[in-house]
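**Q** Dropping a structure here in structure tokens format, bear with me for questions.
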Amino acid sequence: MALGNEERSADGARNAAGAGNRPAIARTVALFEAFQHRLMAAHAEEFTAVDLTMAQAKLLYVVMAAGELSLAEIAARLRVTSSTTSGAVDHLVGLGLLSRVEDPTNRRQICVSITPLGLGTIEQISELGARQMTALFERMRDEDLDVVQRAIGILSDAVAALEADPTSTLTPRSAR
């Protein structure tokens, strides 16, 4: 029997966050996942106009964030096989979103980077997100926006702490 979104989110939150001793974490993750789902559902038609699959968008984001990666590094970050990575990169190279060049220090190594067209595509996705959030924020009172701003600050501080933690397994070491 398939789980409903609320059940799936709550189970995923407990498993992913290891939040057995902190129920507030599981509740927060479940609420955030439900929020994301509603936001995506409300804007699915706009997002499909970008003409990328989620896997392709993830690949673009990973390469953009790093600047340049080898195929092996991309495969490790996306947790997929090298052959899957190679095919996906070839497809995005064909679309002009990524470029592949031989590493001058090791000709067997391929370096992948994002192209200006790829950056423009990422910008298009970001602008969609900004429009979505602006539409939501326009419906909120200033007092509520103050709460959202404080929450975003708290989340940003947590990301910075996670990035600075050498024992963290959530951020690839080479991305630091």
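**Q** What is the number of the single condition among (1) under 17 Å from Thr53 (Cα atoms); (2) modelled with pLDDT of 95 or more that Val80 does not meet?
**A** Against the list (1) under 17 Å from Thr53 (Cα atoms); (2) modelled with pLDDT of 95 or more, Val80 comes up short only on (2).
**Q** Let me ask something additional. Give me a count of the residues in region 47-66 that are assigned to a helix (DSSP H, G or I) and either closer than 12 Å to Ile125 by Cβ or not hydrophobic (A, V, I, L, M, F, W, C) (or both). If you could, list the steps in order and put the result at the bottom.
**A** Residues of region 47-66 that are assigned to a helix (DSSP H, G or I), as a first pass: 47-48, 54-66.
Keeping just the survivors that are either closer than 12 Å to Ile125 by Cβ or not hydrophobic (A, V, I, L, M, F, W, C) (or both) gives 47-48, 54, 56-58, 60-61, 64.
Within region 47-66, residues that are assigned to a helix (DSSP H, G or I) and either closer than 12 Å to Ile125 by Cβ or not hydrophobic (A, V, I, L, M, F, W, C) (or both) number 9.
**Q** Quick test of your reading of the structure: Pro116 fulfils all but one of (1) modelled with pLDDT of 90 or more; (2) of a type outside the set (A, V, I, L, M, F, W, C); (3) surrounded by 15 or more Cβ atoms within 10 Å (Cβ to Cβ). Name the failing condition by number.
**A** Of (1) modelled with pLDDT of 90 or more; (2) of a type outside the set (A, V, I, L, M, F, W, C); (3) surrounded by 15 or more Cβ atoms within 10 Å (Cβ to Cβ), only one is false for Pro116: (3).
The values are calculated or read from the model by the stated rules, or taken from the named source; none is laboratory data. All figures in this text were calculated on a predicted structure; none of them were measured in a lab. Cβ coordinates were reconstructed from backbone atoms using ideal geometry, including for glycine residues, and neighbour counts include every protein chain displayed.
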